[in-house]
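**Q** Let me give you the structure first, and then I'll get to my questions.
The values are calculated or read from the model by the stated rules, or taken from the named source; none is laboratory data. Since this is a predicted model, take the numbers as computed values, not measurements. A quick note on method: Cβ atoms are made from the backbone with ideal geometry, for glycine too, and the neighbour counts reach across all protein chains shown. When the accessible area is computed, the model is the full protein with side chains, heavy atoms only, and any ligands, DNA or RNA have been set aside. Shrake-Rupley method; radii C 1.70, N 1.55, O 1.52, S 1.80 Å.
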Amino acid sequence: MESKIASAPFAGWNIEATRPLVIAGPCSAETEEQVLETARRLKATSTQIYRAGIWKPRTRPNSFEGVGVKGLKWLKMVKEETGLLTTTEVANAQHAYEAMKYGVDMLWIGARTTVNPFTIQEIADALSGVDIPIFVKNPVNPDVELWIGSIERLQKAGISRIAAVHRGFSSFSENRYRNAPNWQIPIELKRLRPDLPLVCDPSHISGRRDLLQEVSQKAMDLNFDGLMIETHPDPDKAWSDAKQQITPEELGQLLNNLILRRTDPGSNGFLHQLESLRCEIDRLDQELMNILQDRMKVAAGIGLCKKENGVTILQPARWEQIISKYLAVGESKGFSEEFIRKLFMAIHQESINTQTRVMNE
Ligand code: PEP
Ligand code: MN
């Protein structure tokens with residue numbers, strides 16, 4: 001795997017300048033033996049930071065909720081024996097005090113905590129004046145403002161080294177991921193806060209090991225700075241998140257398989273080619289806008305017609321007809337069902353808004 005100078009955001013983090021920065025280790029610390037064996041085997045990979053959950057936020061009660069404070073001693077042993085830096089999840093002020101007492105190098109805030117400004121504030125207050133590096137996972141719901149808000153609360157407490165971790169978002173609709181990646185959200189975060197390093201957590205996005213390579217590659221292609229991947233000496237026997245964990249050796253293989261593309265556009269020839277393709281895209285986007293404008297004009301005409309004849313705006317049978325027709329057309333053109341559904345739902349919603357305006361005029 002090509003390794004190069006880490007992107008500037010990690011300056012001051014006391015880590016080697018490699019891309020991706022690799023954070024690995026089990027979902028949960030289970031036993032001293034499991035924690036240490038994972039760490040020893042990870043030493044053969046480019047992992048620099050060892051992760052393990054000590055307090056586990058579980059969706060349902062009566063699941064394994066973490067070993068608690070005794071696991072912090074095991075993390076200390078990992079650091080002493082292997083030199084790996086350590087990190088664990090803190091979900092309240094008490095966790096933060098305990099983790100720091102045992103010399104954990106970095107903390108992470110989980111998705112279920114980022115979502116709650118009260119808890120984040122409590123943790124920020126507990127950390128005030130400490131300046132320990134923190135990874136902030138995205139909130140469970142797809143809300144970039146909430147993510148940024150949590151980061152700002154920690155920054156206001158004096159935390160200067162913060163990285164964002166993209167671990168996907170809960171969604172009600174069935175999809176192939178455990179947590180839908182919604183890549184546009186971390187991309188938006190990067191646009192708004194280019195100063196923050198961005199790490200991808202393919203394990204919690206995928207929920208299953210066969211998707212890890214693909215999601216990790218996508219993160220690299222989108223210029224993420226690091227990867228957090230759950231690893232376990234015997235993944236099928238893991239006490240939490242068994243389906244998504246891989247062995248340290250499989251992690252080594254995954255990292256070797258990554259293709260790291262250049263982030264700079266490079267030679268002039270390439271630049272020109274890129275420029276002309278972008279012009280073509282701009283032209284097509286403009287055309288799409290014009291077509292949509294025409295379509296909304298027709299929708300306004302339909303609105304008027306419905307108004308004059310006293311019929312409701314929403315005609316479910318008609319909508320059903322449109323969506324099933326274009327799902328088939330979309331498929332023949334190689335578009336995913338998800339894309340067609342989202343596209344037509346957005347167009348349909350705008351049409352309804354247009355018709356409503358006309359009706360109320
Ligand atoms: C984890 O990393 O094990 C974890 C619980 O993460 P998340 O907050 O992303 O669910
Ligand atoms: Mn997990």
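**Q** Based on this model, can you work out whether Glu81 counts as without any contact (Cβ under 8 Å) to a residue 24 or more places away in the chain, open to solvent by 30 Å² or more (accessible area, probe 1.4 Å) and either among the β-branched types (Val, Ile, Thr) or over 17 Å from Pro133 (Cα atoms) (or both)?
**A** no
**Q** Does Ser63 meet the test of being under 24 Å from the mean Cα position of the chain (by Cα) and of a type in the set (S, T, N, Q)?
**A** no
**Q** To continue, here is another question. Being at pLDDT 95 or above, within 16 Å of ligand 2 (Cβ to nearest atom) and open to solvent by 40 Å² or more (accessible area, probe 1.4 Å): is that true of Trp55 here?
**A** Yes; evaluated as a whole, the condition is true for this residue.
**Q** Name every residue in the range 193-214 that is modelled with pLDDT of 95 or more and over 19 Å from Pro139 (Cα atoms), in order of residue number.
**A** Arg208, Arg209, Asp210, Leu211, Leu212, Gln213, Glu214
**Q** Another one. In this structure, is Ala99 in contact with a Leu (Cβ under 9 Å, 6 or more places away or on another chain) and touching a residue at least 40 places away in the same chain (Cβ under 8 Å)?
**A** So Ala99 fits the description; yes.
**Q** Identify, from the list Lys306, Lys297, Lys237, the residue that is farther than 30 Å from Pro197 by Cβ, at pLDDT 95 or above and of a type in the set (Lys, Arg).
**A** Unique residue meeting the criteria: Lys237.
**Q** In the range 35-59, what residues are over 25 Å from Ala8 (Cα atoms), more than 15 Å from ligand 1 (Cβ to nearest atom) and touching a strand residue (DSSP E or B) at 6+ places or on another chain (Cβ under 9 Å)?
**A** Residues satisfying the conditions are Ala39, Arg41, Leu42.
**Q** Out of the helices (runs of 4 or more DSSP H) lying entirely within the range 259-361, which hold 1 or more residues that are open to solvent by 70 Å² or more (accessible area, probe 1.4 Å) and within 30 Å of Arg19 (Cα to Cα)?
**A** 268-309
**Q** While we're on this one: Could you list, in sequence order, the residues of the range 14-30 that are hydrophobic (A, V, I, L, M, F, W, C) and within 17 Å of Ile162 (Cα to Cα)?
**A** Ile15, Ala17, Leu21, Val22, Ile23
**Q** Next up: Which pairs turn up if I take residues in the range 231-257 that are without any contact (Cβ under 8 Å) to a residue 24 or more places away in the chain and look for partners that are within 16 Å of ligand 1 (Cβ to nearest atom) and of a type outside the set (A, V, I, L, M, F, W, C) with beta carbon separation below 7 Å, at least 6 apart in sequence or on another chain?
**A** These pairs meet every condition: Ala242/Pro235.
**Q** Going by the conditions given, is Ile151 more than 16 Å from ligand 2 (Cβ to nearest atom), under 21 Å from His95 (Cα atoms) and within 17 Å of the chain's Cα centre (by Cα)?
**A** When the stated conditions are applied, Ile151 passes them.
**Q** Here is a further query. Among Ile259, Ile246, which is closer than 30 Å to Val35 by Cα and within 16 Å of ligand 1 (Cβ to nearest atom)?
**A** After ruling out the rest, the residue left standing is Ile246.
**Q** Something else about it: Here are the criteria: (1) modelled with pLDDT under 95; (2) loosely packed, with under 11 Cβ neighbours inside 10 Å; (3) in contact with a helix residue (DSSP H, G or I) (Cβ under 9 Å, 6 or more places away or on another chain). Tell me which single one Leu222 does not satisfy.
**A** Every condition holds for Leu222 apart from (2).
**Q** Further, regarding this structure: Select, from Ile49, Ile15, Ile5, the only residue that is hydrophobic (A, V, I, L, M, F, W, C) and at pLDDT 95 or above.
**A** Of Ile49, Ile15, Ile5, the one residue that is hydrophobic (A, V, I, L, M, F, W, C) and at pLDDT 95 or above is Ile49.
**Q** While we're here: Search the range 154-170 for residues being of a type in the set (Gly, Ala, Ser) and either within 16 Å of ligand 2 (Cβ to nearest atom) or touching a residue at least 40 places away in the same chain (Cβ under 8 Å) (or both), and hand back the single one that is nearest to Leu227 (Cα to Cα).
**A** Among residues in the range 154-170 that are of a type in the set (Gly, Ala, Ser) and either within 16 Å of ligand 2 (Cβ to nearest atom) or touching a residue at least 40 places away in the same chain (Cβ under 8 Å) (or both), the one nearest to Leu227 (Cα to Cα) is Ala163.
**Q** Could you count how many residues in the range 155-177 are out of contact with any helix residue (DSSP H, G or I) (no Cβ under 6 Å at 6 or more places or on another chain) and on the phi > 0 side of the Ramachandran plot?
**A** Result for the range 155-177: 1.
**Q** Out of the residues in the range 15-34 that are within 16 Å of ligand 1 (Cβ to nearest atom) and open to solvent by 10 Å² or more (accessible area, probe 1.4 Å), state the one that is farthest from Ile54 (Cα to Cα).
**A** Gln34
**Q** So for the range 118-125 (the condition being touching a Lys or Arg at 6+ places or on another chain (Cβ under 6 Å), polar (S, T, N, Q) and open to solvent by 20 Å² or more (accessible area, probe 1.4 Å)), does at least one residue qualify?
**A** Yes, because at least one residue in the range 118-125 is touching a Lys or Arg at 6+ places or on another chain (Cβ under 6 Å), polar (S, T, N, Q) and open to solvent by 20 Å² or more (accessible area, probe 1.4 Å).
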